[in-house]
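Every number here is computed from the coordinates shown, using simple stated rules; none is lab data. Keep in mind that what you see is a predicted model, and the values were worked out from it rather than measured. Using ideal geometry, Cβ is built from the backbone for each residue, glycine included, and neighbour counts are taken over all protein chains shown.
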């Protein structure tokens with residue numbers, strides 16, 4: 001009997017959706033467009049985080065020496081690096097080899113050939129035993145004090161800035177999701193309120209013949225939940241369409257920079273979470289509306 005009551009409420013909610021197709025479709029599209037914004041931002045943050053993880057690898061220290069540093073000083077630095085307890089490995093990159101590598105890059109050959117002298121410094125590329133930010137910063141400070149050191153670049157600096165931006169984006173995403181979730185609840189609240197008012201006589205008759213409040217409430221709750229999950233599905237489709245459109249143009253762009261990057265849609269688990277969350281918000285808006293107005297209707 002309990003299952004039959006829920007099936008009856010579910011199909012009654014579907015019939016109410018079909019009875020007013022235009023209004024229902026407009027509400028679902030509004031919900032879908034609203035939820036496509038945080039879904040798109042979430043997808044974009046996930047892709048950027050994944051791409052940055054591919055690029056980062058193990059952070060390295062690049063020690064650029066002063067111009068004119070002699071071979072004796074370079075050999076002394078090599079010996080010091082070999083004995084350093086916090087350095088796992090290092091590689092010396094001479095200025096001539098660096099210039100040759102620069103020359104091999106696209107569009108740089110003519111610029112390099114026009115140089116009258118080599119402006120690049122000799123450098124050491126160093127891998128530390130520990131990749132903790134504190135250890136790397138301490139090594140950087142130490143290397144800056146070396147007599148022949150001109151500049152020390154820490155590859156993880158840009159990763160720290162990117163992570164800070166990603167955290168800021170996550171906070172903005174939470175705020176955007178909260179605001180749009182509130183808007184979805186308001187839309188569902190008003191939709192159910194109008195339904196309750198238009199079916200006032202039906203509700204009064206149901207109460208006269210002994211229908212409980214739960215029995216009357218169920219179709220409205222299912223209506224809100226169905227409307228919410230349909231809006232979540234529309235949001236998923238909008239994001240999928242946008243990804244396909246962007247990827248078609250993004251492929252041509254990343255080829256110019258010899259980078260392999262493509263936007264990926266949200267995972268299956270996140271897609272299910274989106275549908276469940278949008279359904280729950282529709283149910284919550286319906287419950288608030290029914291709780292606020294149903295008690296006012298008495299035969």
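Points worth noting:
- Listed residues 79, 286, 114, most fluctuating in the chain (Gaussian network, C-alpha, under 10 Å): 114
- Calculated FRET value between residue 18 and residue 160, using beta carbons and R₀ = 45 Å, to 0.05: 0.25
- Placing a label point 7 Å from the Cα of residue 183 along the Cα-to-Cβ direction, the residues of region 5-29 whose backbone N falls under 15 Å from that point are 27-29.
- FRET E, pair residue 198, residue 3, Förster distance 22 Å, beta-carbon r, rounded to 0.05: 0.20
- Each of 175, 192, 203 has some number of other Cβ atoms within 10 Å of its Cβ, and from fewest to most they run 175, 203, 192.
- Comparing 200, 117, 91 in a Gaussian network model of the chain, where Cα atoms under 10 Å apart are tied by springs, the biggest mean-square fluctuation is seen for 117.
- Counting only DSSP beta bridges with both residues in the chain, the antiparallel share comes to about 100 percent.
- A straight chain from residue 134 to residue 29 at 0.36 nm per residue would run longer than the Cα-Cα distance by 32.8 nm.
- The mean sequence distance of close C-alpha pairs (under 8 Å, at least 6 residues apart), as a share of the length of region 61-154, puts its relative contact order at 50 percent.
- Helical mean residue ellipticity (222 nm; -39500 (n - 2.57) per DSSP H run of 4+; nearest 500) of the chain: -25000 deg cm²/dmol
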